[in-house]
Amino acid sequence: MNVDTTAPLLRVRDLEKHYGGVTALSELDLQLMPGEHVAVVGDNGAGKSTFVRMISGAERPDGGTIIFDGEECNFRSPLEARGVGIETVYQDLSLADDLDVIDNLFMGREIFHVKMGGLSILNRKAMRKRAEELLNEVGVRIPSLSERIRGMSGGQRQGVAIARASGWGSKLIILDEPTAALGVRETGQVEDIIRGLKQAGTGVVLVSHNLRQVFDLMDTIFVFRRGKLVGRREVARTSPQEIVAMITGVSEPDAGEFV
């Protein structure tokens, strides 16, 4: 099936979210194109996480419209968002430490020889084969798929989480600070995986405070401040200094100018 690369993959119009008397996000209007890699940056409390939670189905907006792949969406859960092709990798990864790589990759998506309630029999051979394919597709190197997640490095754990997110027909993967707790070598491994997603044509939304990473990996930067989108910049046409100025409010362009 041909993908229309001229139509936005994600379009958000007038999105807003309130917590009691606090406005976490308002008048948000932005779009992402198919395969585009976008960074969402801003200080703590700027509205980044609220935006991610709404497009991933973790929370419902109080107003506005989310259009994904040409269809208006009203997600009631992350499961519904996954159903249309939106996967999210949070900082805590949501991995089961005492299960191995295969079980984590196929959690909720197991392959069975026979599925009859308590008499169900897993097809471990098919799951192992597909697990190897998923990891190879995103460039993750795991010495043993039978190893428990608990014993793996931070970079390997992130790799498993991203492979799980990308392996099920995903059109958009949201990465929430994927390297915040990693060392230099492991960060490099995760960044290579993100580059692999770009080559595969998978869209990415990256929430990050690491501007070096943003400029190395992303196409576009959305800057949030105090619950509003204050600007959009193409990475090739801006600088870290300009982005920092927008984050802090030293420079405050009209957000509507960039959408």
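The values are calculated or read from the model by the stated rules, or taken from the named source; none is laboratory data. Just so you know, these numbers come straight off a predicted model, no measurement behind them. When we count neighbours, we look across all protein chains shown, and the Cβ atoms used for this are built from the backbone with ideal geometry, even at glycine.
Answer yes or no: is there a residue in segment 20-30 that is hydroxyl-bearing (Ser, Thr, Tyr), farther than 23 Å from residue 199 by Cα and within 16 Å of the chain's Cα centre (by Cα). No, that holds for no residue. Checking every residue in segment 22-32 against the condition of being surrounded by fewer than 22 Cβ atoms within 10 Å (Cβ to Cβ), in contact (Cβ under 8 Å) with a residue 60 or more places away in the chain and touching a His at 6+ places or on another chain (Cβ under 8 Å) gives at least one match. Could you check, for segment 165-182, whether at least one of its residues is without any contact (Cβ under 8 Å) to a residue 60 or more places away in the chain, assigned to a helix (DSSP H, G or I), under 22 Å from residue 53 (Cα atoms) and out of contact with any Asp or Glu (no Cβ under 6 Å at 6 or more places or on another chain)? Checked against the condition, which is being without any contact (Cβ under 8 Å) to a residue 60 or more places away in the chain, assigned to a helix (DSSP H, G or I), under 22 Å from residue 53 (Cα atoms) and out of contact with any Asp or Glu (no Cβ under 6 Å at 6 or more places or on another chain), segment 165-182 yields no hits at all.
This table checks each residue for (1) out of contact with any Lys or Arg (no Cβ under 7 Å at 6 or more places or on another chain); (2) touching a residue at least 24 places away in the same chain (Cβ under 8 Å); (3) over 24 Å from residue 56 (Cβ atoms); (4) part of a loop (DSSP other than H, G, I, E, B).
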site: 92; (1), (2), (3), (4): yes, no, no, yes
site: 104; (1), (2), (3), (4): no, yes, no, no
site: 109; (1), (2), (3), (4): yes, yes, no, yes
site: 125; (1), (2), (3), (4): yes, no, yes, no
site: 128; (1), (2), (3), (4): yes, yes, yes, no
site: 132; (1), (2), (3), (4): yes, no, yes, no
site: 143; (1), (2), (3), (4): yes, no, yes, yes
site: 146; (1), (2), (3), (4): yes, yes, yes, yes
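So that you can scan it fast, the table gives a plain yes or no per residue for (1) at pLDDT below 95; (2) touching a helix residue (DSSP H, G or I) at 6+ places or on another chain (Cβ under 7 Å):
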position	(1), (2)
187	yes, no
199	yes, no
211	no, yes
220	no, yes
228	no, yes
237	no, no
240	no, yes
247	no, no
250	yes, no
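Scanning segment 1-18 for residues that are modelled with pLDDT under 95 and either assigned to a strand (DSSP E or B) or more than 17 Å from residue 170 (Cα to Cα) (or both) gives 6, 7. Within segment 111-132, the set of residues being among the charged types (D, E, K, R) and either surrounded by 15 or more Cβ atoms within 10 Å (Cβ to Cβ) or modelled with pLDDT of 90 or more (or both) comprises 124, 125, 128, 129, 130, 132.
Candidates 82, 53, 60: the one that is among the basic types (Lys, Arg) and assigned to a loop (DSSP other than H, G, I, E, B) is 60. With respect to the stated conditions, residue 49 is under 12 Å from the mean Cα position of the chain (by Cα) and hydroxyl-bearing (Ser, Thr, Tyr).
Do you know which of the residues in segment 69-95 that are touching a Ser or Thr at 6+ places or on another chain (Cβ under 7 Å), within 18 Å of residue 107 (Cβ to Cβ) and not aliphatic (A, V, I, L, M) is surrounded by the fewest Cβ atoms within 10 Å (Cβ to Cβ)? Per the stated criteria, the residue is 78.
Residues in segment 44-58 that are of a type in the set (A, V, I, L, M) and touching a residue at least 60 places away in the same chain (Cβ under 8 Å): 46, 52, 55. Could we say that residue 194 is under 24 Å from residue 82 (Cα atoms), at pLDDT 90 or above, of a type outside the set (Ser, Thr, Tyr) and not in a helix (DSSP H, G or I) here? No: the conditions fail for residue 194. Checking every residue in segment 38-50 against the condition of being of a type in the set (D, E, K, R), over 18 Å from residue 227 (Cβ atoms) and assigned to a loop (DSSP other than H, G, I, E, B) gives zero matches.
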